[in-house]
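The values are calculated or read from the model by the stated rules, or taken from the named source; none is laboratory data. Quantities reported herein were computed from a predicted structural model and do not represent experimental measurements. Cβ sites come from the backbone with ideal geometry, for glycine too, and all protein chains shown count toward neighbours. Surface areas here come from the heavy atoms of the whole protein model, side chains and all, with no ligands, DNA or RNA. Shrake-Rupley method; radii C 1.70, N 1.55, O 1.52, S 1.80 Å.
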Amino acid sequence: MTLAPLEGLLPSLRELYIDLHRNPELSFAEHRTAAELARRLGDAGYEVHTGIGGTGVVGVLRNGTGPVVLLRADIDALPLQEKTGLEYASRARGTDVDGKDVPVMHACGHDMHATWLSGAADLLARARESWQGTLLVVFQPGEERGSGAEAMLRDGLFDIAGTPSVVLGQHIVPGPAGWVLIRPGVIMAATDSLRIVLHGRGGHGSRPETTVDPAVMAASVVMRLQTIVSREISATESAVVTVGQLHVGTASNIIADEAVLEVNVRSFDEQVRAKVLAAIDRIVRGEAAAAGAPKPPEITSIASFPVTTNDDATTETLTALFRKVRGPERVIEAPLVTGSEDFSEFGRAAGVPSVFWLVGGLDQDQVLTAIAGGRFDEDVPSNHSPLFAPVLEPTLGAGVETLVMAALEFLAAP
Ligand SMILES: [Zn+2]
Ligand SMILES: [Zn+2]
């Protein structure tokens, strides 16, 4: 097929992007966003399913026998005050998980992801004589909380249009606009956030013999957790274990009855991840038992993102395709990203290959000048920065093009 109709579609996509950017919505509150994306899918001739996994939207286009290709974009924004100074900057507010009124911004660029996928869905529908199979267009809510993909799967995503044969997705990054960054194997880290409650027995600060002091228990836990990476993980592997929160007690003369810790774990390998999580569980239970805790500790997962792993063969196919479509100088190997994504839940649940690539969205001169001067980290705002401000051209068209061409690569010829 030809991408000629893309040019005519761009004004409408620009309008959609600016509208979504001005009206960002927090995870699982993407009602307005979902309604607009669903309307556009309906107009393009898709069978539309809304409310999947809360606020998720799914479009299905059945076009004869052939592979089922799943294209995914996330649609949620972040609790952050935008400071880009853009004419279309967000002034929106929302209610966060704790019920607090907060500013909201599309600081991760999910507004661009939604716009790319909406454009790609439209173009592929217009060109349905040039492919065969089923397109499964997935607008996923709640990515920032790490639970949107899982919510959609639990809600029967694959019952709607069958199990996909391949799962594809892309993320905007602070690279030169329209460049593609891709790599086989692991591309993004796994994250696990845990909440740990250690139970002691409270009492008077002057009579420790009547208590089981959770402050001492927590201190032992924090120190012992440091030995996981240093003593249990091989020098050739890597992981991070950070105790980001530790709360015990209210006054110096009171021994508290519990301590609460929040721990963040990063890893790039499922086996390492499992080992670290098992070690945390063992150490926390062990320290509680050693202290004589009156009841066992509670360890709960607050958020969890799997490792994002790209299928080798599928990535090779796509890298060659993107070099052809975008030009070889604009397709480079992606670095290993310490951020996390729940994208790979879809491929894992279906048991099929998935590939996640990155598309640059910032002014090329700005990025290349910063890299040349060794000032990339200082001068170029990244995702989640209040200054993250993608340029619309050529970012918009480039991301639509990569999605359309990637989908066509795996759909059947008519
Ligand atoms: Zn993000
Ligand atoms: Zn993101």
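Once all protein chains are placed together, residue 116 keeps about 0 Å² accessible to a 1.4 angstrom probe. With all protein chains in place and ligands, DNA and RNA left out, the 1.4 Å accessible area ranks 311, 377, 111 as 377, 311, 111, largest first.
Over all pairs of different C-alpha atoms in the stretch 298-377, the reciprocal of the mean inverse distance, the Kirkwood hydrodynamic radius, equals 15.4 Å.
Across the stretch 354-362, computed HN-Hα scalar couplings (Karplus, 6.51 cos²θ - 1.76 cosθ + 1.60, θ = phi - 60°) run 9, 9, 10, 10, 10, 10, x, x, 10 Hz from first to last residue, x flagging Gly and Pro.
Ranked by solvent-accessible area (1.4 Å probe, protein heavy atoms only, all chains present), the residues 266, 282 order from largest to smallest as 282, 266.
Here's the picture: charge each Lys and Arg Cβ at +1 and each Asp and Glu Cβ at -1 in the stretch 62-218, and of 77, 99, 164 the one pushed furthest to the positive end of that dipole is 164. The tail of the calculated P(r) for the stretch 222-275 beyond 17 Å holds 48 percent of all Cα-Cα pairs.
May I ask for the Kirkwood hydrodynamic radius of the chain, worked out over all distinct Cα pairs and given in angstroms to one decimal?
22.9 Å
Could you give the distance between the Cα centres of the stretch 1-61 and the stretch 300-372, to the whole Å? A separation of 22 Å, based on Cα centres.
The distance from the alpha carbon centre of the stretch 87-114 to that of the stretch 130-156 is 21 Å, rounded to a whole number.
Maximal additional length on extending the residue 100-residue 336 stretch stands at 81.5 nm, based on 0.36 nm per residue less the C-alpha distance. Over the stretch 61-150, with a single point scatterer placed on each C-alpha, what log10 of the ratio I(q)/I(0) does the Debye formula yield at q = 0.22 1/Å? Those come out to -1.06, one per q. 3J(HN,Hα) along the stretch 176-184: x, 4, x, 6, 10, 10, 8, 8, x Hz, from the Karplus curve 6.51 cos²θ - 1.76 cosθ + 1.60 with θ = phi - 60°, whole Hz, x for Gly and Pro. Accessible surface comparison of 363, 96, probe 1.4 Å, protein chains only, largest first: the order is 363, 96. With K and R counted +1 and D and E -1, the other residues having a Cβ less than 14 Å from that of residue 169 yield a net charge of -4. Over all other residues within a Cβ to Cβ distance under 14 Å of residue 260, the charged ones net out to -3, with Lys and Arg as +1 and Asp and Glu as -1.
Just to be sure I follow: if Rg is taken over the C-alpha atoms of the stretch 342-388 and Rh is the Kirkwood radius over the same atoms, what is Rg/Rh?
Rounded to two decimals, Rg/Rh equals 1.20.
Taking amide H positions as modeled 1.01 Å from N, with prolines and chain starts lacking one, the residues under 5 Å from residue 92 and 5 or more places away or on another chain are 104. Taken over the stretch 98-209, the ratio of Cα radius of gyration to 2.2 N^0.38 Å equals 1.68. Reported value for the stretch 204-330: 154 Å³ per residue, from the convex hull of its C-alpha atoms.
Scanning residues 5 or more positions from residue 51 or on other chains, those with amide H under 5 Å from its amide H are 56, with H placed 1.01 Å from N in the peptide plane.
Residues whose amide H falls under 5 Å from that of residue 183, counting only those 5 or more places apart or on a different chain, are 334, with hydrogens built in the peptide plane. Taking every protein chain into account, the 1.4 Å probe leaves residue 255 with about 20 Å² of accessible area, to the nearest ten. 3J(HN,Hα) along the stretch 129-146: 6, 9, 8, 9, x, 10, 9, 10, 9, 10, 9, 9, x, x, 5, 4, 9, x Hz, from the Karplus curve 6.51 cos²θ - 1.76 cosθ + 1.60 with θ = phi - 60°, whole Hz, x for Gly and Pro. Computed with a 1.4 Å probe on the full set of protein chains, the accessible area for residue 316 sits at about 140 Å².
Value of Rg to Rh for the stretch 1-80, rounded to two decimals, is 1.00; Kirkwood radius and Rg both from alpha-carbon coordinates.
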